[in-house]
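Below you'll find the structure, written out as structure tokens, and then a few comments.
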Amino acid sequence: MTTTARTSKAPVILWFRRDLRLHDNPALERAFATGRPVLCLYVLDPAQCGRASGAASLWWLDKSLRALAASLAERGGRLILRRGDSETELRRLIDQTGADAVYMNRLFESEGFTRDADIAHALKAEGVECQGYNGALLTRPGSVLNGSGGPYKVFTPFLKALLAQAEPPPHTLGPRDMSGASKVASDDIDDWGLHPMRPDWSGGFDWTPGEAGATEALSRFIAGGLKTYGKGRDHPSEPGCSRLSPHLHWGEISPWRAVQTARDAAAHGKVPAAEAEKFVAEIGWREFSAHLLHHFPTLPDRAFRPEYEAFPWRDDEAGFRAWTKGLTGYPIVDAGMRQLWTTGWMHNRVRMIVASFLIKDLLVDWRRGEAWFWDTLVDADLASNAQNWQWVAGSGADAAPYFRIFNPTAQGEKFDASGAYVRRWVPELRGLNDKWLHAPWTAPPEILRAAGVRLGTDYPRPIVDHGEARDRALAALKVVSASRGDD
Ligand code: FAD
């Protein structure tokens with residue numbers, strides 16, 4: 001990207017991607033600071049980050065773009081929508097308006113990053129100025145390196161280095177007056193068909209996409225869950241976490257705003273400092289994932305530890321289907337998968353449990369789970385999704401050891417002790433008391449009868465025996481150890 005200063009009066013294109021906000025938006029600030037007319041553009045381009053968005057992500061994008069367009073309109077501005085190849089659409093807008101500059105916040109997935117650089121290179125050769133900024137992460141990938149100048153592969157030293165060097169940018173609100181751009185043609189978002197129609201499965205999506213929704217979610221969290229975040233974040237029936245992930249993914253709020261607001265709350269004695277820093281550390285995991293993917297572009301496709309490519313995965317289509325539908329017979333797993341299907345989101349603790357179940361109890365390749373999450377999560381993020389699936393699989397950079405296998409019953413009893421989460425998402429088990437709720441197959445027949453549960457009819461029996469599955473998983477691991485050359 002160039003840094004050339006210009007004196008032109010031609011319009012500037014502000015190319016929105018995953019920075020769908022007006023506050024704390026560096027590309028937007030700089031574009032308006034030129035004093036030239038600004039054309040706000042969004043291009044619906046399936047190839048933008050190297051993989052087409054999933055259905056739940058498109059649901060979110062639809063609402064987020066509408067919210068952004070409304071915010072721009074309130075300030076006299078306008079969002080131009082185009083669909084197609086990004087470079088072609090940029091060129092078309094340049095031809096139509098005489099724009100001679102493009103300002104954007106960078107994408108950091110390696111494919112998006114390279115593509116942006118190629119586009120910038122090609123446009124620059126034709127005299128178009130291109131400016132790229134970091135609006136997505138606390139620091140630019142490539143800027144946090146270890147003592148040998150390479151990327152960190154372990155989270156804790158990465159976080160330490162990140163927090164030591166990252167400087168918060170000043171909080172900005174965006175220009176008040178965004179009028180002045182020409183009335184060039186735009187697509188109608190209704191024609192894009194991003195909202196599911198036949199059928200519309202989004203009835204349970206209880207979200208408010210957009211910048212206002214993001215700010216509201218952050219305020220709610222600061223006033224509530226953050227106070228006891230360290231413990232509360234592990235209990236899926238409690239409002240213990242921020243639910244900011246889709247807002248952060250789409251750039252409706254900057255990660256710095258989330259970090260600074262939490263730290264300000266601690267500085268004013270509203271929340272304990274340790275809780276605020278725990279939250280900052282979780283934002284750090286997002287950062288770690290993005291930096292890893294930037295340096296290791298095959299993260300979504302190949303095991304980070306190559307020996308795991310030898311893992312003897314099973315081709316268990318029936319097991320995979322039961323998992324996607326929340327019909328495995330393990331209540332905490334089924335509750336999580338149904339929460340995901342119904343709301344487009346799943347609690348972090350339960351994501352770990354369901355991922356462990358797919359990988360270790362069913363021995364289904366983590367890539368199948370990653371792809372299912374990609375399609376069904378509103379926060380589907382190439383870096384965080386791949387990094388976390390590999391973390392659970394044991395094949396990731398700083399992964400949980402493979403031999404640590406979650407027992408879904410024990411996890412349910414520990415983190416959903418009241419049973420509120422399972423009762424909400426698996427209503428057919430509502431009548432069972434806590435003692436049997438997380439392992440209904442162990443309940444005596446009279447207890448099941450009294451609770452109105454017929455196993456195998458109203459609710460499935462477990463599709464695998466966890467004890468046997470655990471032994472099978474550990475045996476499979478020996479193949480990995482052998483390929484690594486362990487004893
Ligand atoms: P909070 O607990 O409030 O955390 C605040 C923010 O920190 C989150 O919004 C998120 O941006 C970040 N964060 C928290 N935990 C993690 C983590 N483990 N890794 C990376 N960032 C984290 N998160 C995604 O954003 N997109 C994904 O596609 C995704 N896929 C996942 C797949 C698996 C198998 C697992 C185990 C986790 C995945 N996560 C993913 C991470 C995590 O589950 C979600 O970020 C979190 O549940 C979002 O809820 P929250 O906003 O309330 O989180």
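If you go through the stretch 347-386 and keep only what is more than 8 Å from the ligand (Cβ to nearest atom), among the acidic types (Asp, Glu) and surrounded by fewer than 24 Cβ atoms within 10 Å (Cβ to Cβ), you end up with Asp365, Asp375.
All of (1) on the phi > 0 side of the Ramachandran plot; (2) within 11 Å of the ligand (Cβ to nearest atom) hold for Asp234 with one exception: (1). Here the strands (runs of 3 or more DSSP E) wholly within the stretch 1-116 that include at least 2 residues being over 27 Å from Pro196 (Cβ atoms) are 12-16, 38-44, 101-105.
Note on the stretch 162-187: residues that are open to solvent by less than 60 Å² (accessible area, probe 1.4 Å) and under 23 Å from the mean Cα position of the chain (by Cα) total 3. Only residues that are in contact with a Ser or Thr (Cβ under 8 Å, 6 or more places away or on another chain), open to solvent by 70 Å² or more (accessible area, probe 1.4 Å) and outside any helix (DSSP H, G or I) were counted in the stretch 424-446, giving 0. Is it the case that some residue within the stretch 392-415 is touching a Ser or Thr at 6+ places or on another chain (Cβ under 8 Å), within 16 Å of the ligand (Cβ to nearest atom) and open to solvent by 50 Å² or more (accessible area, probe 1.4 Å)? So far as the stretch 392-415 goes, no, none of its residues is touching a Ser or Thr at 6+ places or on another chain (Cβ under 8 Å), within 16 Å of the ligand (Cβ to nearest atom) and open to solvent by 50 Å² or more (accessible area, probe 1.4 Å). For the stretch 120-173, the candidate set comprises residues that are at positive phi and in the same structural domain as Pro255 (by TED's automatic domain parsing); within that set, the residue that is modelled with the highest pLDDT is Gly149. So in the stretch 257-268, with the set limited to residues that are in contact (Cβ under 8 Å) with a residue 40 or more places away in the chain and more than 13 Å from the ligand (Cβ to nearest atom), which one is most open to solvent (accessible area, probe 1.4 Å)? Only one residue tops the list, namely Gln260. Here Leu137, Leu226, Leu218, Leu159 are screened, and the one residue that is within 16 Å of the ligand (Cβ to nearest atom), of a type in the set (A, V, I, L, M) and in a loop (DSSP other than H, G, I, E, B) is Leu137. Tallying residues that are acidic (Asp, Glu), more than 16 Å from the ligand (Cβ to nearest atom) and touching a residue at least 40 places away in the same chain (Cβ under 8 Å) within the stretch 182-215 yields 2. Pairs linking a residue in the stretch 69-97 that is on the phi > 0 side of the Ramachandran plot to a residue that is in a strand (DSSP E or B), with Cβ atoms under 9 Å and 6 or more positions apart or on different chains, are Gly84/Val43; Gly84/Leu44. Annotation for the stretch 427-442: no member residue is within 14 Å of the ligand (Cβ to nearest atom) and either in contact with a strand residue (DSSP E or B) (Cβ under 7 Å, 6 or more places away or on another chain) or of a type in the set (Phe, Trp, Tyr) (or both). For Leu340, the test of being away from the ligand (no atom under 12 Å from the Cβ) and within 30 Å of Gly204 (Cβ to Cβ) is failed.
Give the stretch 237-256 a look and list any residue that's of a type in the set (D, E, K, R) and either surrounded by fewer than 21 Cβ atoms within 10 Å (Cβ to Cβ) or within 11 Å of the ligand (Cβ to nearest atom) (or both), or say none. Answer for the stretch 237-256, where residues must be of a type in the set (D, E, K, R) and either surrounded by fewer than 21 Cβ atoms within 10 Å (Cβ to Cβ) or within 11 Å of the ligand (Cβ to nearest atom) (or both): Glu238, Arg243.
Here's the yes/no breakdown for (1) assigned by TED's automatic domain parsing to the domain that holds Arg430; (2) modelled with pLDDT of 95 or more; (3) of a type in the set (Asp, Glu); (4) open to solvent by less than 40 Å² (accessible area, probe 1.4 Å):
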{"position": "Leu448", "(1), (2), (3), (4)": "yes, yes, no, yes"}
{"position": "Arg454", "(1), (2), (3), (4)": "yes, yes, no, no"}
{"position": "Thr457", "(1), (2), (3), (4)": "yes, yes, no, no"}
{"position": "Ile463", "(1), (2), (3), (4)": "yes, yes, no, no"}
{"position": "Glu468", "(1), (2), (3), (4)": "yes, yes, yes, no"}
{"position": "Asp471", "(1), (2), (3), (4)": "yes, yes, yes, no"}
{"position": "Ala476", "(1), (2), (3), (4)": "yes, no, no, yes"}
{"position": "Asp487", "(1), (2), (3), (4)": "no, no, yes, no"}
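Beta carbons closer than 9 Å, at least 6 apart along the sequence or on distinct chains, pair a first residue in the stretch 269-298 that is in a helix (DSSP H, G or I) with a second that is open to solvent by less than 10 Å² (accessible area, probe 1.4 Å) and away from the ligand (no atom under 15 Å from the Cβ) for Glu287/Val144; His291/Val144.
The values are calculated or read from the model by the stated rules, or taken from the named source; none is laboratory data. The structure presented is a predicted model; accordingly, all values stated were derived computationally and were not measured. All Cβ positions, glycine included, derive from the backbone under ideal geometry; neighbour counts span all protein chains shown. Side chains included, ligands, DNA and RNA excluded: accessible areas come from the protein's heavy atoms. Shrake-Rupley method; radii C 1.70, N 1.55, O 1.52, S 1.80 Å.
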